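Enquirer: One structure is given below, represented as structure tokens, and several questions about it will come after.
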Amino acid sequence: MKVVNSLKTLKTRDRNCRVIRRRGRVYVINKTNKRFKARQG
């Protein structure tokens, strides 16, 4: 999992990427391609 400042670039890399808020942190997850995972902050 990458920790990045901006999730917008990671969100646009694959069309199955979803931005989700969990416990005050923002995550990008992808069910079909597991390598697109990121966390902000």
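A short reminder: the numbers here are calculations on the coordinates, not readings from a lab. The shown structure was predicted, so the numbers you read here are calculated from the model rather than taken from an experiment.
Enquirer: Antiparallel as a % of all DSSP beta bridges within the chain, to the nearest 5?
Expert: Details: 9 of 12 bridges.
That works out to approximately 75 percent antiparallel.
Enquirer: Turning to a different aspect of this structure: Please compute the contact order of the chain in relative form: average sequence separation of alpha-carbon pairs under 8 Å and at least six residues apart, divided by the residue count, as a percent.
Expert: 47
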